[in-house]
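Contents: one structure, followed by commentary.
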Amino acid sequence: MNIFSDDGSVELNKLELARKAIAVAGGAVVGNGASHIKERQDAQMRQVKASDAAKMTALQIALQEESYRRLYDHIWERVHETQDRLDHAILENAEDIERLEANAMRSEDGRMIFVTEDRFVYADGSPVDPKDAPNPSTIPDNATRYDDYRIAIIRRDDLARIQTDTLDPIRGRMSDPDNPPGEPKLRDFAKELDRADEIIHSPELSSPETKPAVTQVSNLDMDMFVPG
């Protein structure tokens, strides 16, 4: 059949469709349209890849580098481990404070009163009003000393700062898809976690099971506690 006859356009369309069908099926494309179809397919594939790359976040791109990914994963593991240790330390500290407050003396209006070397003080360290001062002869042996209570409160604040000043900022930065930390910053995070772990593992106040947290006051000179 003469493809240049009146029906030639129909035949050309059929031929083009046949070529496309062969190309889609993975077969060899023949004729002048073969190279054009292949070029068009390659261009489409490049566009798809470029679109996928454009959709990737800065963090996803950074994680494609193996050395970075290993360091990044290591720091995340450190964060989780430090968080677990911190949670345990906070709970232990809260129990210490609860015990120390339970053993504190009380004024008539319910304020806690603690023992120092030579006086009675309130929880804020201010001297007790003479009208609130306990009778020295009635001070229990396990009455909480102010120094022990103060150390427990300082530790509570130190542990809270580890959460707010170290763990939360590190977790936030490492989760930022658009501004991930570089390797130098990740190493800085490791040093911060080292300092946090040191604080967690070195409490100023020992556990009640290993060391008494209060000092026995029965041997103190009670004359020092007389108000006035």
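Would it be correct to say that residue 167 is assigned to a helix (DSSP H, G or I), touching a His at 6+ places or on another chain (Cβ under 9 Å) and at pLDDT 90 or above? The answer is no for residue 167. Here residue 98 meets the list (1) closer than 27 Å to residue 159 by Cβ; (2) not in a helix (DSSP H, G or I) almost entirely, failing just condition (2).
Return yes or no: is residue 152 crowded, with 18+ Cβ neighbours inside 10 Å and among the small types (Gly, Ala, Ser)? Before the answer, list the steps.
Numbers: crowded, with 18+ Cβ neighbours inside 10 Å: yes; among the small types (Gly, Ala, Ser): yes.
For residue 152, the condition - crowded, with 18+ Cβ neighbours inside 10 Å and among the small types (Gly, Ala, Ser) - is met.
Quick one: how many residues across region 130-146 are in a helix (DSSP H, G or I) and surrounded by 15 or more Cβ atoms within 10 Å (Cβ to Cβ)?
Filtering region 130-146 down to residues in a helix (DSSP H, G or I) leaves 130-132, 136-138, 146.
So of that shortlist, the ones also surrounded by 15 or more Cβ atoms within 10 Å (Cβ to Cβ) come out as 132, 136, 146.
Residues in region 130-146 being in a helix (DSSP H, G or I) and surrounded by 15 or more Cβ atoms within 10 Å (Cβ to Cβ): 3 in total.
Looking only at region 56-87, count how many residues are over 19 Å from residue 170 (Cβ atoms) and of a type outside the set (Val, Ile, Thr). Final tally of qualifying residues: 6.
In this structure, does residue 93 turn out to be in contact with a Leu (Cβ under 8 Å, 6 or more places away or on another chain) and of a type outside the set (A, V, I, L, M)?
Taking the combined requirement at face value, the residue satisfies it.
From the list 176, 168, the lone residue that is within 15 Å of residue 76 (Cβ to Cβ), free of Cβ contacts under 8 Å to residues at least 40 places away in the same chain, exposed (fewer than 14 other Cβ atoms within 10 Å of the Cβ) and of a type in the set (Asp, Glu) is 168. For region 77-129, the set of residues classified as surrounded by 15 or more Cβ atoms within 10 Å (Cβ to Cβ), farther than 27 Å from residue 201 by Cβ and touching a residue at least 60 places away in the same chain (Cβ under 8 Å) consists of 115, 119, 120, 128, listed by residue number.
The values are calculated or read from the model by the stated rules, or taken from the named source; none is laboratory data. Keep in mind that what you see is a predicted model, and the values were worked out from it rather than measured. Reconstructed Cβ throughout: ideal geometry from the backbone, glycine too, with neighbour counts over all protein chains shown.
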